[in-house]
Every structure is written in C-alpha cells, then in structure tokens.
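Just so it is clear, none of the values below were taken in a lab; they were calculated from the coordinates. This is a predicted model, so every value here is computed, not measured. Here the Cβ positions follow ideal geometry from the backbone for every residue, glycine too, while neighbour counts run over all protein chains shown.
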Amino acid sequence: MTTLNQKPLYDLHAEHKEWLSKISFYEDEIKIMSNRIADVASKNTNKETLAMVEHFQNQLIAQKENMDIMKHDINEHEAFLEKNINDNPVAPDHRKMNDHAKHRENVESFEKVFNGLRKELNSFLSKTL
C-alpha cells in the first residue's frame, strides 16, 4: 500500500491559483502567437511556409485544448477543497489533504511542451518575417 503525501489545504489552494494564473498567461501567449502566425500566412504563398503555418495553428489548437482540460481539472479540485471546508469548517488552516501531484505533473509537462513550441515557432518566425 502506498502512502499519499499530505499537504496543507491552503497550500493546495495557493497552487491552484498559481496554475490558473499561468494558464491565463499562456492563453494570452497563444493569442499573440496566433496573430504572428496569421501575419506570416498573409505575407507568404510558399507551400512549405503555409504547411508550417498550418502545423503551428494545429499545435496551438491542441495546447488550447490541453489548457481547457487543465483548467477544468484544477477548478474541479478547487471545488472539492471548498466542499471539504464547507462540510467541516473547523480549523481548515491546519487540515492536510492528499497532494494533487497529478495536476502538478500536468502543468509542468504542459509548460515544457509549450515552451518548446514557443521556441520552435520563434525560430520559424525569425526565418520568415
């Protein structure tokens, strides 16, 4: 039997807020990246360039979907924490709950992929703009 790590309830809540803020930042990044890709598409008719534009557009769509799933999962876990506090409001600042390592791993993995995509896109843009 494995023992799950326990963390203070408020630490879990603080991580949720941090992750949702990061996701919001990445949503803004996607808008900026999409605009830059649209600029390239409007100025190029080269088939190879347009194929790369489509590749990046598809990648951004996939990352947006990943962010939507992460936001949903984080908000669902936040609702679980709130219900726990409402059901038992005694000393929530001293209460510990199972760590949400899966959410943390998802956010960290997403950031790694997203940062790689950003680097790849910036390299492409520097060659085409």
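Tell me, what is the percent relative contact order of region 6-128, built from C-alpha pairs under 8 Å that lie six or more residues apart? Walk me through the numbers on the way to the answer.
Working: 65 pairs, mean separation 59.4, N = 123.
48 percent.
Using the alpha-carbon atoms, what tilt in degrees (0 to 90, nearest 10) does helix 47-87 show relative to the longest principal axis of the chain?
On a 0 to 90 degree scale, this one is about 10.
Roughly how tilted is helix 9-43, in degrees to the nearest 10 and between 0 and 90, from the longest Cα axis of the chain?
Once rounded, the angle reads 10 degrees.
At 222 nm, what value in deg cm²/dmol follows for the chain if DSSP H runs of at least 4 each add -39500 (n - 2.57) and the sum is divided by all its residues, to the nearest 500?
Values: 3 runs with 104 residues, N = 129.
Counting only the DSSP helices, I get -29500 deg cm²/dmol.
Roughly what would the spin-label model give for S123 and I32, points 7 Å off Cα along C-beta, in nm?
2.0 nm
For M97, what residues show an amide H to amide H distance below 5 Å, using hydrogens built from the backbone and excluding near sequence neighbours?
When sequence neighbours closer than 5 places are left aside, the close amide H contacts are K7, L9.
For D93 and D39 in one chain, what is 0.36 nm times their gap in residues minus the Cα-Cα distance, to one decimal in nm? Let's see the in-between values first.
On the way: separation 54, 0.36 × 54 = 19.44 nm, distance 5.03 nm.
14.4 nm is the gain from fully extending D93 to D39.
Counting only pairs 8 or more residues apart or on different chains, how many lysine pairs in region 63-129 have their Cα atoms under 15 Å apart? Please list the in-between numbers first.
Values: K64/K112; K71/K102; K83/K96; K119/K127.
Qualifying lysine pairs in region 63-129: 4.
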